[in-house]
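The values are calculated or read from the model by the stated rules, or taken from the named source; none is laboratory data. Note that the coordinates shown come from a computational prediction; the quantities given were computed from them, not determined experimentally. Here the Cβ is made from the backbone with ideal geometry for all residues, glycine too, and neighbour counts use every protein chain on show. Accessible surface areas use protein heavy atoms only, side chains included; no ligands, DNA or RNA. Shrake-Rupley method; radii C 1.70, N 1.55, O 1.52, S 1.80 Å.
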Amino acid sequence: MKVIIAKDAGYCFGVRDAVNLAHDTAEKFGDVYMLGDIVHNENVVDDLSKAGAKVVDSLAEIPKDKKILFRAHGTKPELWEKAQKAGRDIIDATCPLVHEIHDEVKKLSDEGRQIIVIGDHGHDEVVAIAAQVDKAIVVSNKSEAAKIRRFRRIGVVSQSTQMIENVQEIVNVLMTRAYDLKFINTICFPTKRNHEQIKELATNCDIIIIIGSYTSANSKRLTKLSKTINNNTYQVTCVDEIDEKWFLNCDKVGISAGASTPDYLISEVAKRIEKIKNK
């Protein structure tokens, strides 16, 4: 049985930088506080908590002499303003590509366009993108897109980890809802790259294992995309969820992981599968 790990499985550079920044800040200053989980992976959050990076729900819970780390997914402008007015020491761990989406949204809005954000309702990144301008509309699928009223001018961006197929379907519908539509493709290149790699793996392997939290939108999308090609696709959060029965009569296993999955989890899963094949 051959085990193939996708070349770019796991941490994207934005997540890796944010996690490293949290670790370094906690090590240097003793503690750092985050408003919500830095990324959507329980193992990473637990590791950071042990290192001194603490998760809280509000600014009021953070001691005034402690640093605040704003997460990789981005933060609403009103929270930035509130923290700055209170004189808080802010460390910005927002992914640079997410900052670019914020800039694009504001430019489109300045052109007088109704902003449409293609993304998952309630997702931290989507909430922050939509909050950059007034009255942005979030659309997650083509059915929702068909229900919005017509606008003369629309500006469209997407959550960075969306599948291009979903975005294309929605944009096609939105084209019927506006006289003048401007679309900026804000799917990030790590997502595009990972999706292309999983398509190839799913086509050429008997079984696909996706490693990632069930709270991670991009991990779930990797799994969904793989399943459209290979029904023998399984998502796991860690090595303990591996089932040996999956690998009966299997010649080739493909492994990929969400952008918030640390390297050590990928290594543990790969080693476990290697042991199964050698039995």
Handout entry: Candidates D47, D103, filtered to the one that is among the acidic types (D, E) and closer than 30 Å to M175 by Cβ
Key = D103
Handout entry: Any chance D92 is among the charged types (D, E, K, R), open to solvent by 50 Å² or more (accessible area, probe 1.4 Å) and closer than 30 Å to V156 by Cβ
Key = yes
Exercise for the section: Would you check if there is a residue in the range 127-138 being at pLDDT below 95, open to solvent by 50 Å² or more (accessible area, probe 1.4 Å) and within 20 Å of L35 (Cβ to Cβ)? Expected result: no
Problem - the range 149-162, subset open to solvent by less than 20 Å² (accessible area, probe 1.4 Å) and of a type outside the set (S, T, Y), residue nearest to E125 (Cα to Cα) - result: Q159
Fill in the blank from the handout: Residue hits (the range 193-243; β-branched (V, I, T) and open to solvent by 70 Å² or more (accessible area, probe 1.4 Å)) are T203, T215, T228, I229
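Would you mind stating whether T191 is touching a Pro at 6+ places or on another chain (Cβ under 9 Å) and either at pLDDT below 95 or of a type in the set (A, V, I, L, M) (or both)?
no
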Problem - Out of C188, C205, sole residue that is under 30 Å from P262 (Cα atoms) and more than 21 Å from the chain's Cα centre (by Cα) - result: C205
Handout entry: Restricting the range 163-181 to residues that are among the charged types (D, E, K, R) and closer than 21 Å to K107 by Cα, the residue that is surrounded by the most Cβ atoms within 10 Å (Cβ to Cβ)
Key = R177
Exercise for the section: Kindly indicate the residue of the range 5-39 that is open to solvent by less than 50 Å² (accessible area, probe 1.4 Å) and in a strand (DSSP E or B) and also farthest from G74 (Cα to Cα) among those meeting that condition. Expected result: V32
